[in-house]
1. Taking the criterion of being within 15 Å of ligand 2 (Cβ to nearest atom), assigned to a loop (DSSP other than H, G, I, E, B) and open to solvent by 40 Å² or more (accessible area, probe 1.4 Å), would at least one residue in region 48-58 satisfy it?
2. Does ARG75 fit the bill of being outside any loop (DSSP other than H, G, I, E, B) and more than 15 Å from ligand 1 (Cβ to nearest atom)?
3. Have a look at VAL105, VAL63 and point out the one that is loosely packed, with under 15 Cβ neighbours inside 10 Å and within 16 Å of ligand 2 (Cβ to nearest atom).
4. Please indicate, with yes or no, whether at least one residue in region 93-100 is free of Cβ contacts under 8 Å to residues at least 60 places away in the same chain, among the aromatic types (Phe, Trp, Tyr) and over 30 Å from LYS29 (Cα atoms).
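The values are calculated or read from the model by the stated rules, or taken from the named source; none is laboratory data. For clarity, every value in this text was computed on a predicted model and none was experimentally measured. All Cβ positions, glycine included, derive from the backbone under ideal geometry; neighbour counts span all protein chains shown. We work out accessible area using only protein heavy atoms, side chains counted, and drop any ligands, DNA or RNA first. Shrake-Rupley method; radii C 1.70, N 1.55, O 1.52, S 1.80 Å.
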Amino acid sequence: MADIPPTTPDEAPDPGSEGAVRPKLVAAKEQWARDGRALTGHAADPARDRLPPGQRLVEDWPVLDLGVTPGVTERSWGLTVDGLVENPLRWRWDDLLAQPQERFVSDIHCVTTWSRYDNAWEGVGARHLLALARPKPDARFVVFHSSDGYTTNVALADFDADDVLLATRWEGRPISREHGGPVRVVLPRLYFWKSAKWVKRIELLAEDRPGYWEVRGYHNHADPWTEERYSD
Ligand SMILES: Nc1nc2c(c(=O)[nH]1)N[C@H]1C(S)=C(S)[C@@H](COP(=O)(O)O)O[C@H]1N2
Ligand SMILES: [Mo]
């Protein structure tokens, strides 16, 4: 993948963001990737097992991010869906709320080994968004861009699933700012770093473009059931 231009790792955070990227945290996570931390060498089957290999169950909900917290609010939030789509979208908060709202309960699996069961999410379904935006025939990849400067990439086929949401609510309450509110992606079948907090742009592409962790040793696909934690 050396010839694929990586997403600018440090897209500028939006004005009004607080904090700064924590270099020690980034260095530690890069080291985990080099060490192959938490790899068990076993796969598991989501049809039979609940906990993916190498994971442990937690009851609380840890906060994990680069250390930059955007100041985005419902009033200031905006989303662009662009790139290879027939109908680019530009939504403000009211446009998002005007869409059909879906609920989905799913488990979180973070590559740092915690998993959390039964998270009740509410928001707009990725399939609904894609039906409005209409990907062009050559669109095959998606990059999520966030207000803190973070990016992450997935295959369009992984975004285009019935359990993927642009989530605004968790357990019946607005998603807190530290967990990516007002709007975050929830893509439960992949490790949680693919679920962009504070999402502001969804870009559809013909070629894949690795995001922040994907250029720092983390797996491009990130299936927890086959331990796609790190790139080779
Ligand atoms: N915008 C943004 N989204 C992000 C991140 C980030 O740093 N910035 N970190 C990712 C990682 S590594 C994880 S594990 C989850 C953590 O989400 P949480 O803090 O709500 O648990 O968010 C993911 N999405
Ligand atoms: Mo993570």
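1. Taking region 48-58 as the starting set, the residues that turn out to be within 15 Å of ligand 2 (Cβ to nearest atom) are 52, 54-56, 58.
Next cut, assigned to a loop (DSSP other than H, G, I, E, B) only: 52, 54-55, 58.
Keeping just the survivors that are open to solvent by 40 Å² or more (accessible area, probe 1.4 Å) gives none.
No: zero hits.
2. Details: outside any loop (DSSP other than H, G, I, E, B): no; more than 15 Å from ligand 1 (Cβ to nearest atom): yes.
In short, no.
3. On the way: VAL105 fails: within 16 Å of ligand 2 (Cβ to nearest atom).
Unique residue meeting the criteria: VAL63.
4. Scanning region 93-100, I find no residue that is free of Cβ contacts under 8 Å to residues at least 60 places away in the same chain, among the aromatic types (Phe, Trp, Tyr) and over 30 Å from LYS29 (Cα atoms), so the answer is no.
Yes/no matrix, rows are residues, columns are (1) under 16 Å from ASP160 (Cβ atoms); (2) at pLDDT below 95; (3) touching a Leu at 6+ places or on another chain (Cβ under 8 Å):
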position	(1), (2), (3)
VAL183	no, no, yes
VAL186	yes, no, yes
ARG189	yes, no, no
PHE192	no, no, yes
LYS200	no, no, yes
LEU205	yes, no, yes
ARG209	no, no, no
GLU214	no, no, no
HIS219	no, no, no
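Yes/no matrix, rows are residues, columns are (1) over 21 Å from ASP163 (Cβ atoms); (2) in contact with a Gly (Cβ under 7 Å, 6 or more places away or on another chain); (3) assigned to a strand (DSSP E or B):
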residue	(1), (2), (3)
ASN87	yes, no, no
LEU96	no, no, no
GLN99	no, no, no
ARG103	no, no, yes
SER106	no, no, yes
TRP121	no, no, yes
VAL124	no, no, yes
